[in-house]
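The values are calculated or read from the model by the stated rules, or taken from the named source; none is laboratory data. A quick note: this is a predicted structure, and the numbers were derived from the prediction, not measured. Glycine gets a Cβ as well: all are built from the backbone with ideal geometry, and neighbour counts include every protein chain shown. The area values use the complete protein model at the heavy-atom level, side chains included, leaving out ligands, DNA and RNA. Shrake-Rupley method; radii C 1.70, N 1.55, O 1.52, S 1.80 Å.
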Amino acid sequence: MRFDDGSAGDADYGRIGDGYSRYRRPDPRIEALILRALGDAQSVLNVGAGAGSYEPTDRETVAVEPSAAMRAQRAAQLPPAIDAVAERLPFADATFDGSMATFTVHQWPDLAAGLAEMRRVTRGPVVILSCDPERLDLFWLDRYAPEVTEVEARRYPAIATIADALGGTADIIPVPIPLDCSDGFNEAYYGRPERLLHPGARLACSAWSFVDPGVASRFSAELGRDLESGVWDSRHGHLRRQPFFDGSLRLVVGRRD
Ligand SMILES: C[S@@+](CC[C@H](N)C(=O)[O-])C[C@H]1O[C@@H](n2cnc3c(N)ncnc32)[C@H](O)[C@@H]1O
């Protein structure tokens, strides 16, 4: 099933996608890890490319993105994205040196089919940036909005499932989240809690669109109160000075044997 704007995953970017590129700017430290994982791949496929975050600009890239709202936010220097879905990639076998998919596999209706397609069209590394559902409760958000953590834990596939589906050999690389991370996924605010009080910041993280709006109101009221009273700082204030957070973010790099 596809939504009106073409969105082909569990989230409707026609409804929530408008401000995405304002809050979800690629972070250079995370980008460096992705580029390293892609190695010397010269032709790169980006699946579920969205507005183009993390897409290399120094190589030949092809992007696949089903949502019109997300395609419309791609920067001018990037090639237009092809309207297609991970589960049916319109390319011949072994077309690309490398391929990548960032913050997207948890939304695909058929994960195994999408990853098999990426493997099929890629000669070299397949690089997946995703979240480990076992580690989501390390983040203080779980204390204020457990409904959001629960939604995320249900949506994100186990890291081992991704690695197995890619076949061959897979490296699993922890991705430390920087304190000033420019890519506004929920955990990016681990040391800047005030920013998650902005409705736009939450809208750029699709999990919030799966919980009752009352959860966001309760979250804002409780976090706002704890920030004002100093309770948040007494519990988590050290995070304001912690340069990196080892949360749930992981890179899975699959290679053919
Ligand atoms: C959270 S956004 C991530 C976008 C971008 N990769 C990034 O890192 O900012 C998830 C993207 O996955 C796309 N997506 C969802 N289901 C998909 C599918 N079945 N095939 C391809 N892309 C899909 C959505 O349209 C959306 O643009």
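For the reader, a short list of remarks on this structure follows.
- Enumerated helices (runs of 4 or more DSSP H) restricted to region 1-98, each holding at least 2 residues that are under 18 Å from the mean Cα position of the chain (by Cα) and over 26 Å from ARG202 (Cα atoms): 28-38
- Failed item in (1) in contact (Cβ under 8 Å) with a residue 40 or more places away in the chain; (2) under 24 Å from PHE96 (Cα atoms), with ARG135 passing the rest: (2)
- Qualifying residue in region 40-50 (condition: of a type in the set (Asp, Glu) and open to solvent by less than 30 Å² (accessible area, probe 1.4 Å)): no
- Consider region 166-196 and keep the residues that are assigned to a helix (DSSP H, G or I) and surrounded by 15 or more Cβ atoms within 10 Å (Cβ to Cβ). The one that is farthest from the ligand (Cβ to nearest atom) is PRO193.
- Meets criteria (open to solvent by 30 Å² or more (accessible area, probe 1.4 Å), modelled with pLDDT under 95 and not in a helix (DSSP H, G or I)) for ASP257: yes
- Residues of region 73-104 that are open to solvent by 50 Å² or more (accessible area, probe 1.4 Å) and at pLDDT 95 or above: PRO80, ILE82, ASP83, ARG88, PRO90, ALA92, ASP93, THR95.
- Any hit, region 208-216, residues being closer than 30 Å to GLU55 by Cα, out of contact with any strand residue (DSSP E or B) (no Cβ under 9 Å at 6 or more places or on another chain) and crowded, with 20+ Cβ neighbours inside 10 Å: yes
- Unmet requirement for ALA221, which otherwise passes all of (1) more than 23 Å from GLY9 (Cα to Cα); (2) surrounded by 16 or more Cβ atoms within 10 Å (Cβ to Cβ): (2)
- Region 11-39, subset of a type in the set (Ser, Thr, Tyr) and open to solvent by 40 Å² or more (accessible area, probe 1.4 Å), residue nearest to the ligand (Cβ to nearest atom): SER21
- Note on region 105-118: residues that are in a loop (DSSP other than H, G, I, E, B) and open to solvent by less than 50 Å² (accessible area, probe 1.4 Å) amount to 1.
- The lone exception for ALA163 - which of (1) more than 16 Å from the chain's Cα centre (by Cα); (2) open to solvent by less than 30 Å² (accessible area, probe 1.4 Å); (3) of a type outside the set (Lys, Arg); (4) farther than 27 Å from ALA84 by Cα it fails: (4)
- Test result for THR122, of a type in the set (S, T, N, Q) and either open to solvent by 10 Å² or more (accessible area, probe 1.4 Å) or under 20 Å from TRP232 (Cα atoms) (or both): no
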